[in-house]
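What follows is a set of notes on a single structure, which appears directly below.
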Amino acid sequence: MRREGGELADGTLEAVHEPTARVIQQLRQARVRLERAAAPELRLSPAIRALWRTEMRLDRPLRVAIYGEMNAGKSSLANLLAGIESLPTAVISNTRIPTLLYHADEPEIWMVEEDGSKERLRSDNIVPRRSIFRVEVGLPTRRLRAMQILDLPGLSDPRIGGAPVDLTAHQVDAAIWCTMSTQAWKESERTAWSMLSPRLNARGVLVATHRDLLAQPSDPRKLLVRLRAEAGTSFTSIVLLSTLEAIAVMGRERRGLAGATWIASGAEALETALGSLLLSLREQRAAAALRMTSRIAQRALQRIDNNRGAASRAAL
Ligand SMILES: Nc1nc2c(ncn2[C@@H]2O[C@H](COP(=O)(O)OP(=O)(O)OP(=O)(O)O)[C@@H](O)[C@H]2O)c(=O)[nH]1
Ligand SMILES: [Mg+2]
């Protein structure tokens, strides 16, 4: 079945996470009740704001960064995950600026500067020459509602001086490291991955792209065995992928030849691996929101109790 934006409908990547939706609903109800009930003397607005912030954090799509060395196939993978054949902008070929793909009702492009200011880019605009922190591309693609994709410049790209991008500044929840199947998981990549934040090290998928360029039929298996031995403990999953083969059948029904190509390309395995990582992140996030909510509620109740105590002392 073809859906909006051309991507296929099933799969956990775009499914609504019901427990998260329930927690958001409960938070919203609690916040609205507090807002209605809060007399100014109770000074509950910090609790209301904290509930609202927790709600917002929970409602935000997860953000997956795609990282790796130059030409490893990062932008092609970003397109595959977003369910688009190619981006409506040339900014993307030879990525020089981190590019965030997110959901928008109409296609739009924004330039975000280092100071956080944003400027909408229209077809008659010239790309500004100031230092740009990020390009943000909004697309009406259903899948991007649940997952945003950050396509990064290639590491050790001489044009950016090889300086690694600060992923913390981009508020990334998970990362995919792209490595070329034909020369996979080099020493330089091991070093770069180990230097990422420890938090992301436990939230990463290793994707060996260009799988179709492996010469012998036995090569994919051998590569997978080697990668599991060398990188198995650094990633939650390892997948071999031919991105171009997957993109070629991306919008088609997963039956017959197209279905077989989808599976053989490694795209199905990638979606399963990424889907289960994102699911566990959503569960962690919902559990953290509940813990936070109970702390907020305790503080608010304490405040109400203190206020009652003060009021009854004043009445004596
Ligand atoms: N055969 C084959 N070619 C691929 C695959 N993935 C990407 N390519 C090609 O490899 C080249 C580089 O792909 P990109 O997706 O632009 O790579 P990138 O990592 O974003 O490159 P930079 O942004 O310059 O670092 C392009 O010509 C792609 O068409 C793949 O799985 N198989
Ligand atoms: Mg690129």
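The values are calculated or read from the model by the stated rules, or taken from the named source; none is laboratory data. No experiment lies behind these values; they were computed from the predicted model shown. As a convention, Cβ positions derive from the backbone with ideal geometry for all residues, glycine included, and neighbour counts pool all protein chains shown. Calculation scope for accessible area: heavy atoms of the full protein, side chains included, ligands and nucleic acids excluded. Shrake-Rupley method; radii C 1.70, N 1.55, O 1.52, S 1.80 Å.
Points worth noting:
- Of the whole protein surface, MET70 contributes about 70 Å² of accessible area at a 1.4 Å probe radius.
- Carbon-plus-sulfur accessible fraction, the chain (probe radius 1.4 Å, protein heavy atoms only): 53%.
- If R0 is taken as 22 Å, the Cβ-Cβ distance between ARG221 and ILE263 corresponds to a FRET efficiency of 0.90.
- Accessible area expressed per residue, the chain, with surrounding protein chains retained (probe 1.4 Å, Å²): 53 Å²
- The listed residues PHE133, PHE235 rank as PHE133, PHE235 when sorted by accessible area, largest first, using a 1.4 Å probe.
- The stretch between ARG57 and GLU230, if pulled fully straight at 0.36 nm per residue, gains 58.8 nm over its current Cα-Cα span.
- Once the chain from GLU253 to LYS118 is taken as fully extended at 0.36 nm per residue, the excess over their C-alpha distance is 44.7 nm.
- Global geometry of the chain, whether rounded, prolate or oblate, following the gyration tensor of its Cα atoms and the 1.5 cut on a/c: prolate
- Long-range HN-HN contacts of ARG134 with modeled amide H, under 5 Å: VAL112
- In Å², nearest 10: area of TYR67 left accessible to a 1.4 Å probe: 10 Å²
- Gaussian network model of the chain, springs between alpha carbon atoms under 10 Å - residue of SER280, SER265, SER294 with greatest fluctuation: SER294
- Heavy-atom accessible area ranking, 1.4 Å probe, most first, across ARG254, ARG63: ARG254, ARG63
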